[in-house]
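Below you'll find the structure, written out as C-alpha cells, and then a few comments.
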Amino acid sequence: ECAPSRTSMMTGRDPFRYGYYRNPSDDGGVPLNYTMLPQVLKEAGYKTHAIGKWHCGFPTLRHTPTSVSYTHLRAHETPEHLVCRLLLEKKKKKKINKVI
C-alpha cells in the first residue's frame, strides 16, 4: 500500500490519523488545511516537479497535484487523473470565455 506512506512523506504526519489505511485513496484525500512538501519548497523559491503517480486522493480538483503547488506533473494517468485533468481544462476554458 503506497498511499499511506506517500501521504506521510508529503505532509510529515501520520496518515492513519486522517483516514489513509490502504489503496485506492481516490475516495478520500489529504485534508486541504495540511501543508504539503511542494508548498514548502515552492515558498522557499524552488520549482516543483512531480514524476510518478499521485495517490494522495482525488475527491476534488483542489486535491490534484498541480493544485497543491506542483508546477509540473509527469505521471501515469489513471482514470481519476484523466477526469481531474479534463475538469481542470474545462474550468480554465470557462474562465477564458468569461474574460472574452
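Laid out as a table, the results:
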item: Accessible-area ranking of C2, C56, largest first, probe 1.4 Å; result: C2, C56
item: Stokes-Einstein diffusion coefficient of segment 1-78, Kirkwood radius over Cα pairs, 10 °C, 1.306 mPa s, in µm²/s; result: 126 µm²/s
item: Ranked order, L86, L61 - accessible area, probe 1.4 Å, largest first; result: L86, L61
item: Area of K91 that stays accessible when all protein chains are in place (1.4 Å probe, Å², to 10); result: 100 Å²
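The values are calculated or read from the model by the stated rules, or taken from the named source; none is laboratory data. This is a predicted model, so every value here is computed, not measured. We work out accessible area using only protein heavy atoms, side chains counted, and drop any ligands, DNA or RNA first. Shrake-Rupley method; radii C 1.70, N 1.55, O 1.52, S 1.80 Å.
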